[in-house]
Structures are given as structure tokens and as C-alpha cells.
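Contents: one structure, followed by commentary.
The values are calculated or read from the model by the stated rules, or taken from the named source; none is laboratory data. Keep in mind that this is a model prediction, so the values were computed, not measured. Every residue, glycine as well, gets a Cβ built from its backbone with ideal geometry; the counts of neighbours run over all protein chains shown.
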């Protein structure tokens, strides 16, 4: 008789028990009871134990009535109220179901996990049902592989194991282990001597559950890389000319070396070099301590050589293989050269006497030198032949100055310092009496010399054989630092061994100190076992205690009865949306909590739209339309063009439109990108718009899947999400012939395509159909490079990307993700709004409008006025102008214009600066910079170095001073005080004054300007606001000149309104919807004195008042109100999310916070523990708190007023004692054995939170 396989019987037994469990489960009884009700939920599967699932899909059917479901899968959360952070919401009609994916809570390597589902159902009649289910999952096996895959410089042994009894199937040639895997039981080892691709999966011996395939690749690379040197091709070799890299070359002029790491296996190579004669080191800090400077670059480095230089270099690959240090001496000009070996440094007793040799090039050049000894004596030689040998043995600093000379030419004088130290250092461990009966000891190691490297080893007393026989830094468990080393924590009874080594290499003797320590409690926040959930409002978990982040608040929504909102644009407080298969809907959002449809256009094939002042452009599958929306309740068509016959675009190819000055840019699918010029003809009785194709460019490739999808514009640049073609960047420098600057697709994985794109210059974000977000640096568009990537949700399409300050807003088929890109190379999700599929979104100041995948528009509040606006950082102290374009902050004033990356407002980083004489305004226009310098306009490539063109506008009009420059498509609009200028930008190199259009009016000055479509608003700063229209020609016509005030400082247009800063009269709001009839009407006023500038922030306006700053709420524009007034000097500026870049009139350009993003931290939170000593019998007399803040805590935390206060209780929270961390023991006023702590966290800036990684409580017993 054959062997009996018992495993199927075991599985059958378990499954039988499982069925019995379900049969007698409370869920069955619930369903029986529900059947008697009119309104109830049917939830399947039932509660129970389920194998194999990493995600279980739960079906919830609503019986009887339509309902809104609010649910959470977190055990500690309650779905009521629905507005809680981790509660998700979905509407379900009667007798329909929704599927909820549920993932169990478990730690990596666990064998089982549980999850909880809590559902609140609310019917339209107000009836509520609360249901909960608990599921347990037997998890598939977890595979451990040690070490992980990577590059190694020698043969290694790899150990593979499993977290439960299992069979392991593996291959090492990359083939599928499911088909060809070798079988092992529980674990195995592999000796790796060559490159392998290990693939392994595990099968549970009991239930047969199978893991995913785990893949690790190992590369054995035993050969060092080689460094290729370029840049000396025009130089003359003088020594070592038979080598790949000669020893000495002489160049006529300055050169720049390229050091390029080369390796046949490693994909990334570090290149190290020095230019000071010292050997470079891959331990850069050690090199610096030894007196040298090492430079490091990834794959290649640029070394500018301006004078005689010794370049030493080597490369290192990923496996750790290092090339031997090589030396190249580069001489510039004809002068001789002298150098010392060694080049200087610190030397110990083992190296004395020290021989220093001074060499010359050429060899027959003579050397003069002087030695200055530590005892003030000197020795001089004036005609030494190379090499000069000098012996040094005097302790202290020996200084040698030297130069080479020959034939009337002399090298510059050079200097080398040699410090001779014959005395070993002495080290001291403090406290000498290392004893504590009350918790950890904070110890310090000191030395009697500077920069002594100290080594110490802490040995637990009961650990046999633990010691430090000699001062060996490579001994196991030895720690190191540079004296003095503080805050060495001794938290167990220990012997501490300490020694030191000075810069000269002299070592001290090893000293031994005995330390006695008693007990403690440590909280490291890696779980919530000791958290009081009812009293804790801070974020406790993942190894940290921090403030909680706020969340966007849902305000209102409107169902537009379509099939998904594809595109959104806003004019004032009116939203225009493309409602799929239902046309264009016009929605009044003046009351965010109650938006409503006020008009609609029956264009059922509409796919995209864009606003151009009072014109709405709508793109359909076959046409483009223009509508007059000056009266949204009486919208009139004023123009149209057939895509095929008029614009040469095949039907069903166009995807997106964006306006660019007087042009429309169309993303035209497999026909690339097309530019269309717009011409408006309007009188008081007639209105028409015509379209003319002026240029276009086909896709970057005719390969399958390469077609223009989404587009975005910055200056003269267009970024294109090109499907399988990835990211494409075009130049619109010449609109009639757009050109490709770059095309990047190698970042896409198989089947992945680029669907969404957004500029936040100098960066670009690309979203894909597989949930990927890729960020590129495009400061030089031709050399665009990927700097980061991450997946927001695998398999979920990215539909739209928007930018709000330093937050990317990602719309996908799950909802909206808020991504912090303060460091674009390391983006992170700060909030996940799981609101359901979101095809499009639009940021409007403090609100986010989200288009729903089914139908309609949802409004979320994403910012609040900040209670205490304050100065975050200062960009410049000599400015008369400040602005921001994307992530570029710009300042100008006097003789300097400066440029910064402001993604991190606390630490703006300088890019470059340019000089001038009377700098007052600038425009970053994609790859170009236009700078106003007095009466001159200067043109640069960006980032700027030298001007490529300069035009003096005073040749066209006297009294010109450039005050403001606006970009309008391919035109710069310049407010020049005595005149207004339209400057064509398509041919900057050929630009002459006669090609510039000038507009002037007697008695009118041109200071501040704002553009909307083809309509220009001019603030004269004397007594008026003018409204002009720019037409073909170019030509400018006057629409309005009757807005007269005692003083007009600035204005901002939004929708059919303008807000005008009128000095002592305050901020005045006007309706300008009837401009064509020359009519204007004041509709509201905010009486804030000295209003000299204004910027719109959606439902708010930021008012600049010279010595103060006000925020005005314009929700009800006929009665605006002041939210706050802060004593922050500000004359004008730009808004950057919830921040503003301003200048203050005293020369300061600075970043201020005026609002708080609701994805940022709440200003205050508290945390409280449960009883930490439940089994304690002895009363606690006193206690101390030691707090460790996380290394990841922002360095600006103290600057913005972060604060954490602590209290302790010894009687279970009946009474509390205030304690100061790290300040000793605090006595309790009561007796008790139940130790608890609580903390109150605060921040002064919502971008920053205190981060506590560890709390240690030491306590002593007694009465």
C-alpha cells in the first residue's frame, strides 16, 4: 500500500471547522434579523478566518433605500462623524452594492493578520445603521534573504529563509521558479561567485499558501573602475606622455578637466579628486581633518583649472572597488612650478624626522625657499636644485614658503604647513564617578588636544569577554567621534573603555570606567500599546510623536447629470466645466457650500475648455468654439473653426487646449501640438472671434502609442505628456515653427504611458496610467533629467496634476493626493483624499475644485487664514522688487538681480545673479530672462550669465523707466512709466527698437499692469486705471479711462471684477463686465488705509499696505471684510500657495506666511499614555523625563516656535506634575504606583511639527 498524503485531510478538516464557524457566526443572525427590516445592509463575506488574501474584497449591498456609506478599516476609528480623517464616503442607490478593498493590519513577517470594517449607513430619511465586521487572515509565507541583492566586490554567501514551515522553490538564472524551481525545505544558502538573478517563492507546508515571487539580483564585480580625463587635448605634454593620463601637461589658457568614471559593470560610479596636493579620499570628512579637501561627483566631475594645479583623482564603483590614486599636474602659461611632497599636514612621532621634498617643473628650474620653525628661527635658500630636501623635527608648526624660477620667469610664492606632534593625547571620561540609581547617565568624553578622534566601547557588566585591549577603531562594537563627545547614554550597568588618536596618529592609553545604572521606561512610538486613545489627539506611531495633519474640508457639491468632469476653469467665482457626454456647465460657486448650475452649452462631444478674459474656448472632437461669457446667463457663440478643414487636425485627435497670449495651444494626439492664433473683433453691437493655424509640430515618434495627451506652458516652453513617448519639451520661441528641445521616455516601464504633465519651473511633474509620478529638472530643458519618482497607487491612472505652492495636487481614479515637493528629489504624500475617481481638479486660492468621475463638481477648503502671519525667511537685503515664477524666486534692486529656488521657504537656495545699474523688474520666460534696467531691456538665456541682447527704450520715448514686465504669449508687455511697450520675443537676436510697438497717452504714466486674455489693466499711480485691448498689428485700443481716483497704486483683475489699491481710500472693488460700453461700477470697498498693492487668493485678497499686511475676505464682494492686519512691511509681491514672496520698501525681499494649508499640521495637539507600571507594588517618589527629538525634525522648528510641554502622574492621572525634560528629577505631591505621562505639542508654522522619537522616564521609589 502506498504512502498516505495527510495534508489534504488536514486542509479539509480546517475548512470544515471554518464552515462551522461561519454557520454559527453572529453575522448569520444579523442577516436573519435584517430581513425583517425595510432598510438594512447585506455584507459578504461573513466574519471569519480566510487564508491567502493580502487584500479581501467585501461587498456591501444597501437594501430598501438610497444611502451614503461612511466606512473605516482602522480598528481604533469610528465612522461617525463621516468627516473624520480616515473615514471614506460613497453614495449607493437602493438594492445596489459597493465593493470595499480591505487590507489586514500586520507587521512584516507576521503569519496572520486581522482587520476591522466599520460601516455607517445614512438614508435620505435620516435613518442610520452602524455595522462592524472582523476578519482574520492566515497570511502567505514571508521570505527573508540576507544579504539583499546588489553589487559586491568579492564572493558572498546568501541565506534564504521563511517565517513558517515551508517549501522554497528557487532559480538563480532569472527563470520562473514556478516552472523550473529547485526545491528546498525551510531554508538554504547559496555561494555567489558570479552574477545571478535569484527568484524564489515559498509554499506553506500546512495550508499550501504560496508567497509572491521574491527577486534579488547579485553582481560580483572585482575590478576597479578607470577614470578618463578629458580637457587637455589642446595642451602640451611635458612628462609621462606615454601614459593614458600624462604626468604633466602645460596649457596656454585656463581649461576645465572632465573626470569621467568608466566601468564595464557598475551603472553608477563615484569620482573623487583633490586640487591641493593632498590625496583625495572617499572618506571626505577624514580628508578634511587631515588638512585636505576632497571633491566628489556622480559618474563625472568638472574641474576648472585657472593656474598651476596638482589634480589627484580616483573612481569607486558600487561594489566598493577603488582605482589607485592618479596624479595629473596641469600648468597654465609659461611660468615654472614648484610643489612640496608631502604637501603639508600633521605628523606624529613615528614619522619624525620628516623629510619634505620640493620639486620644480621644469626639472632645471631653481627653487628658493624659507623655513619658519616653531621657535621663531628661520632658514633660507635661494638657489636650490630640484628636488630640495628639508628635514623637520621641531614640535609645533613648521612653515615652508617656496617658489620656482627660471629665465626671468618665476612661479607665485607657495606655502606648506607641517605640524609636528610627538605627544600622545590624553582622554577623560566624565562623570568620573559613573553612578546613577535613577536612570540613564549622560556621559562626555574629552581630550587635551583639538580634533582628537576618540573611540569607546560600552560593555554590559554581565557580558563575558567584552573589552578593548588596545586603541583599535576596527574592534567590534567600537563607537567613534571627535572630542568633545557629549550625550553618551549609559542605560545599563556597564564598563566603558575609552581611548583617543590625534591628527598626528599618536594614540592614548585605554582607560576603563565602571558605571552603575538603575531602571527606566522607554516609549519609542513604534506601536500604540501604551497610548490613551481617548486623550490623544497628536499623531502617535511609525516611531514618532508629532502633530496631526489637518485635512481638506468638503464644503459643497453639485451633480451636473453628466458622465464625468473632464476639464475645469474659473472666472471670478464662476466655474466652467466639461461634463462628459453632457456638454459644458456653468456653475456659480460664489457660495462654496451651495454651488449651482446657472447655464449650460449642449456640446455633448466637448473634451476641453479654457478662458480668455470674457471669451470661453471649448474644444470638441471636431471643432473649436468661442463664446462671449460677459453675461453668463446669456452666453453667445461668437466664433468657431472646424478642426479638420480650418486647422488641419483630424477628428477625434485633439485632447486639450491651453491659452498662451493671443494663441491657443492644442494637444492634437497623433498630430502632435498645434498653435492657433485668435483674432477678436468687437464693437458695442457686434462681436466675433476667428481662428488661424500658425504652426505645429508632429509627435516625437511615429511609434505606436506616441501621441500628445496633456500639455502645460511656462514662458516659451510647452511640456507634453506624450503617451508612450513620455515627456516632451517644446520651444515656442518661434510660434510658427515650434521646435523640440528634448524627449524623454526611458523612465516608462512596459505598458506605461504619460497622461498628465505640469510645470513648477524649473521642475516638471509627469503622471502615468500606472500611478507613477516622475519629477524632472528642466532648468536646462535640453538636458532635462529625472530626479525622483514614486507610485501613488499601482495600476491607478493619473488624470490631472496641479501645483499649489510647494504641493503637487494629483487627481487619479482614487481621489486626490497632496504631494510635498519642498525637496523635489524626495517627494512625499502628505494627504490622501480618497474621494473617488477624479478626472480633473483646479486650485482657486484657498479652495480645490474636484471634478467627479461620475458627474459634478466638489469643492474643498484647502487653506485657512493664518492667525499669526510672519516672516519665514529673507531672500535678499537690497531689493526693490520681488516675485516668483514656479519654484523660482526673483529679486531685483539697484545693481543686482538674484534668483533662488524657493521650494523650501525656510532655506531658499541661490541659483545665480546678474548685475545692472537700476534694476526694477524682470520676467522669467521659460528659457529666457527679460530684465528691466532703468530705460533698458536686457535679454538673457536662463539661468543668466551675459546678456544676449540689450534695447534702450529711451530711443523710442524719453522719461522711460521699466516698472513691470508681463509675458503674453510671444510678447513682453512693458510698463515703462512714460509709455507702454509691446516687445516681440520670437526673434530676440534680431530685435531692434523699430520692431517694438509703443503706446502713450498725454498725462498718463504706466506703472502696474495686469493682463486677462487680450485685455490689459493699467494702474498709473497718479489718478486712474485704464483698460486697453491688444489687437492684431499689433494695435492697442482704449476701452476705459474713466476710473479716476485720488491715487491708484495697483490693481488686480479677477473674473468680471478688479480690485484697486487706492492709497488712503483703501481697497475698492469694481464691476468691469461692461467694458465694451465704457461702463464701470463700484460695488464694494474695504476701508484699509494706505493700500498700495493687492494680490488675489480666490475668496481672499492679500493687501499690501507699506508698513502692514491685510487679508480681505471677498466672498461677498459688495461687503468685503478684513480678516486680519499684521505688522509686516510689504509693498507688493507674488503668492506661492499659502506663502507670499514680497518686498518691504526697505530693501528686503522675503517670504511670508499669510495662510495655513489644510494638508499641513494642526497648531496644537496632545498625547497621553496609559498606566506604564500596572504591576508595580512600591510607591513612586519622583521621576525625570528624557526626550529625544527625531533627526528628521526640521532644523527650523525652534525658529518658528515649536514647543512641547510634559507632565507626569504617579496615581493614574488623578494629579499631574509639570516636568522639564532633561532637567533632573521632579517630586510627586502624592503617593501612587501608576506612572503616566502626557505632552502638549505646539508649532508656530504649519509646515513644521515637533518630532519626538523617544521618551525615557526614570523613576525612584520611596515616600
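Structural remarks
- Check on residue 798, surrounded by 19 or more Cβ atoms within 10 Å (Cβ to Cβ) and either modelled with pLDDT under 95 or under 14 Å from the mean Cα position of the chain (by Cα) (or both): no
- Residue in the range 518-540 that is more than 30 Å from residue 74 (Cβ to Cβ), buried (at least 20 other Cβ atoms within 10 Å of the Cβ) and at pLDDT 90 or above present: no
- Candidates 168, 130 - the one that is modelled with pLDDT of 85 or more and either under 30 Å from residue 38 (Cβ atoms) or assigned by TED's automatic domain parsing to the domain that holds residue 320 (or both): 130
- Test: residue in the range 472-480 that is surrounded by 15 or more Cβ atoms within 10 Å (Cβ to Cβ) and under 41 Å from the mean Cα position of the chain (by Cα): yes
- Where strands (runs of 3 or more DSSP E) fall wholly inside the range 372-456, the ranges with 2 or more residues that are touching a residue at least 40 places away in the same chain (Cβ under 8 Å) and out of contact with any helix residue (DSSP H, G or I) (no Cβ under 8 Å at 6 or more places or on another chain) are 396-406, 414-420, 427-430, 441-447.
Table: residues versus (1) closer than 20 Å to residue 611 by Cα; (2) over 31 Å from the mean Cα position of the chain (by Cα); (3) in the same structural domain as residue 1055 (by TED's automatic domain parsing).
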position	(1), (2), (3)
628	yes, yes, no
633	yes, yes, no
652	no, yes, no
669	no, no, no
679	yes, yes, no
700	no, no, no
703	no, yes, no
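- Hits in the range 190-208 - residues which are part of a strand (DSSP E or B) and either surrounded by 12 or more Cβ atoms within 10 Å (Cβ to Cβ) or touching a helix residue (DSSP H, G or I) at 6+ places or on another chain (Cβ under 8 Å) (or both): 190, 192, 196, 197, 198, 199, 200, 201, 202, 203, 204
- The lone criterion from (1) part of a strand (DSSP E or B); (2) modelled with pLDDT under 90; (3) in the same structural domain as residue 1136 (by TED's automatic domain parsing) left unmet by residue 866 is number (3).
- Check on residue 857, touching a strand residue (DSSP E or B) at 6+ places or on another chain (Cβ under 7 Å), under 21 Å from residue 762 (Cα atoms) and in contact (Cβ under 8 Å) with a residue 40 or more places away in the chain: no
- Residue under evaluation residue 663, criteria (1) under 20 Å from residue 1032 (Cβ atoms); (2) modelled with pLDDT of 95 or more; (3) surrounded by fewer than 20 Cβ atoms within 10 Å (Cβ to Cβ), criterion not met: (3)
- Residue count, the range 541-556 (criterion: surrounded by fewer than 17 Cβ atoms within 10 Å (Cβ to Cβ), more than 28 Å from residue 845 (Cβ to Cβ) and either touching a strand residue (DSSP E or B) at 6+ places or on another chain (Cβ under 8 Å) or outside the structural domain of residue 1188 (by TED's automatic domain parsing) (or both)): 1
- Annotation for the range 1043-1053: no member residue is surrounded by 21 or more Cβ atoms within 10 Å (Cβ to Cβ) and at pLDDT 85 or above.
- Residue check, residue 1128 part of a loop (DSSP other than H, G, I, E, B), more than 30 Å from residue 535 (Cα to Cα) and in contact with a strand residue (DSSP E or B) (Cβ under 6 Å, 6 or more places away or on another chain): yes
- Taken over the range 177-189, the criterion of being farther than 26 Å from residue 112 by Cβ and outside any strand (DSSP E or B) is satisfied by 179, 180.
- Counting only residues that are crowded, with 16+ Cβ neighbours inside 10 Å, part of a strand (DSSP E or B) and within 42 Å of the chain's Cα centre (by Cα), the range 323-347 holds 5 of them.
- Candidate set: the range 557-575, residues that are part of a loop (DSSP other than H, G, I, E, B) and in contact with a strand residue (DSSP E or B) (Cβ under 8 Å, 6 or more places away or on another chain); chosen: the one nearest to residue 1053 (Cα to Cα): 572
- Just one of the listed residues (1117, 1135) is within 22 Å of residue 842 (Cβ to Cβ) and assigned to a strand (DSSP E or B), namely 1135.
- Residue count, the range 874-892 (criterion: crowded, with 18+ Cβ neighbours inside 10 Å, farther than 20 Å from residue 760 by Cα and under 26 Å from the mean Cα position of the chain (by Cα)): 1
- Residues that are under 24 Å from residue 837 (Cβ atoms) and within 16 Å of the chain's Cα centre (by Cα), drawn from the range 776-795: 789, 790, 791, 792
- Taking the criterion of being assigned to a strand (DSSP E or B) and closer than 13 Å to residue 301 by Cβ, the residues of the range 222-237 that qualify are 227, 228, 229, 230.
- Within the range 407-427, considering residues that are crowded, with 18+ Cβ neighbours inside 10 Å and farther than 19 Å from residue 276 by Cβ, the one modelled with the highest pLDDT: 427
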